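Notes follow the structure.
The values are calculated or read from the model by the stated rules, or taken from the named source; none is laboratory data. Only a predicted model underlies this, so the values are computations on that prediction, with no experimental measurement involved. Cβ placement follows ideal geometry from the backbone for every residue including glycine, while neighbour counts extend to all protein chains displayed. Note: accessible area is taken over every heavy atom of the protein model, side chains too, but ligands, DNA and RNA are not part of it. Shrake-Rupley method; radii C 1.70, N 1.55, O 1.52, S 1.80 Å.
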Amino acid sequence: MHNITKIGVYTSGGDAPGMNAAVRAVVRTAMFYKIEVVGIQMGYRGMLEKRFIPMQSQSVSKIINRGGTILQTSRCPEFEDFEYRKTAYDNIKAEGIDALVVIGGDGSFRGAMALESEQDIPIVGVPATIDNDIYGTDFTIGFDTAINTAMEAIDKIRDTAQSHNIVFFVEVMGRDAGFIGLNTGIATGAEVTLVPEIITDIESLCYYLVAERRKNKTSGIIIVSEGGPMGSAAEVASQVQQRIPDYDTRVTTLGHIQRGGSPTCNDRVLASILGYEAVGALLDNHTGVMVGRSQGKITLTPFGEACSKHNKIDHSLYEITKILSV
Ligand code: F6P
């Protein structure tokens, strides 16, 4: 049983809108329980470089609506090495930190899992990634904002696609998960949606596009989720162009715009709940787990499961996109 007097909170991996709302919730919940909080800047790198900043209630004023993360984040490959993790632990202990809240995705949880199993420090995770690929929660913080950002961008692309009779190949993020692709595909009425989980070959894609043209559809949106077997949007477009040379095509990669911006109401609420619950879980002596929300209920999932199992896309949604995009 740990007596928790000082919590360290950090954001790690790719940033996600709503991380600030989660930091705010952790700080304010800890304050409520009279526990001190230290912000660790730049995730695991900050532990190695002793980037510790004391946080009070006012430190997190007016950040609930801000994108990015005020604590900053990083990817820190050194953390895969035991010696670096030991140094990080020594630095944390010297700072008087006796528990950690990690806000991030599966890479961040893998780091936390290693640290927690080797050293005497309780750690609880809060799932935040635009990819929505973490097992143990219906939604990750940042996903809702990312799909809304992508949807608005694709709507704009649709305007110009229609005006010029162009077929646009639009690449969305998601690493190797198709949640962003699938949801934006439905929401924008994309003609084709490619996701990594469902194999489509170039011949069937071209066959479909030619059939569409016969129906006098001369413009279109093809969403290409990154991580798919046919490659990037540029690669898919070039393969289509080789087979259907009279097609006028363009490629847009939405890129990091999907990670930025003010979080939606859903993301702010989810982040506030999970940040609050993370502190509660530590006080209830939980460690090595991620707090999530499934079917409206708070869940605790061991880091190992959260990282390895991955959320699965709903294949029926894929069927719906196909039926509705005729
Ligand atoms: O995990 C979030 C994410 O934005 C993925 O969707 C994407 O594949 C990756 O991070 C991009 O990472 P980076 O910004 O390091 O290129």
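Return the total of residues in region 79-109 being aliphatic (A, V, I, L, M), part of a helix (DSSP H, G or I) and either closer than 14 Å to R45 by Cα or touching a Phe, Trp or Tyr at 6+ places or on another chain (Cβ under 7 Å) (or both).
2
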Please indicate, with yes or no, whether at least one residue in region 133-141 is within 12 Å of the ligand (Cβ to nearest atom), within 30 Å of P302 (Cβ to Cβ) and among the aromatic types (F, W, Y). no
Filter region 235-258 down to residues that are under 23 Å from the mean Cα position of the chain (by Cα) and of a type in the set (A, V, I, L, M) and give me whichever is farthest from M173 (Cα to Cα). I257
Looking for whichever is free of Cβ contacts under 8 Å to residues at least 24 places away in the same chain and either within 16 Å of the ligand (Cβ to nearest atom) or of a type in the set (S, T, N, Q) (or both) here; the options are S219, S204, S232, S225. Which one fits? S204
Let me spell it out: the conditions are (1) within 16 Å of the ligand (Cβ to nearest atom); (2) at pLDDT below 95; (3) among the acidic types (D, E), and D248 meets all of them except one. Which number is the exception? (1)
Considering only region 155-184, state which residues are more than 16 Å from the ligand (Cβ to nearest atom) and among the aliphatic types (A, V, I, L, M). I157, A161, I166, V167
Region 64-76 residues that are farther than 11 Å from R45 by Cβ and more than 13 Å from the ligand (Cβ to nearest atom), paired with ones that are open to solvent by 30 Å² or more (accessible area, probe 1.4 Å) and among the basic types (K, R) (beta carbon under 6 Å, 6 or more apart): I64/R24; I64/R268
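Residue-by-condition table, conditions (1) more than 12 Å from the chain's Cα centre (by Cα); (2) touching a residue at least 24 places away in the same chain (Cβ under 8 Å); (3) farther than 27 Å from G43 by Cα:
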{"site": "T129", "(1), (2), (3)": "no, yes, no"}
{"site": "D138", "(1), (2), (3)": "yes, yes, no"}
{"site": "I141", "(1), (2), (3)": "no, yes, no"}
{"site": "A146", "(1), (2), (3)": "no, yes, no"}
{"site": "D155", "(1), (2), (3)": "yes, yes, yes"}
{"site": "R158", "(1), (2), (3)": "yes, yes, yes"}
{"site": "A161", "(1), (2), (3)": "yes, yes, yes"}
{"site": "F168", "(1), (2), (3)": "yes, yes, yes"}
{"site": "A177", "(1), (2), (3)": "no, yes, no"}
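Tell me, which strands (runs of 3 or more DSSP E) lie completely within region 211-326 with 2 or more residues that are outside the structural domain of P122 (by TED's automatic domain parsing), closer than 25 Å to A190 by Cα and open to solvent by 30 Å² or more (accessible area, probe 1.4 Å)?
Those strands (runs of 3 or more DSSP E) span 249-253.
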Looking at region 313-325, can you tell me whether even one residue there is under 18 Å from R175 (Cβ atoms), among the β-branched types (V, I, T) and within 19 Å of the chain's Cα centre (by Cα)? yes
Of all residues in region 84-109, count the ones that are closer than 12 Å to G8 by Cα, buried (at least 18 other Cβ atoms within 10 Å of the Cβ) and of a type in the set (D, E). 1
Looking only at region 253-270, count how many residues are in contact (Cβ under 8 Å) with a residue 40 or more places away in the chain and more than 16 Å from the ligand (Cβ to nearest atom). 5
Residue list for region 110-132, restricted to those being open to solvent by less than 10 Å² (accessible area, probe 1.4 Å) and either within 13 Å of the ligand (Cβ to nearest atom) or part of a loop (DSSP other than H, G, I, E, B) (or both): I121, P122, P127, A128, I130, N132
Cβ-Cβ distance below 7 Å, separation of 6 or more or different chains: which pairs start in region 274-289 with a residue that is within 17 Å of D106 (Cα to Cα) and end on one that is assigned to a loop (DSSP other than H, G, I, E, B) and modelled with pLDDT of 95 or more? T287/P122
Determine which single condition A187 fails, assuming it passes every other condition in (1) at pLDDT 95 or above; (2) of a type outside the set (V, I, T); (3) buried (at least 19 other Cβ atoms within 10 Å of the Cβ). (3)
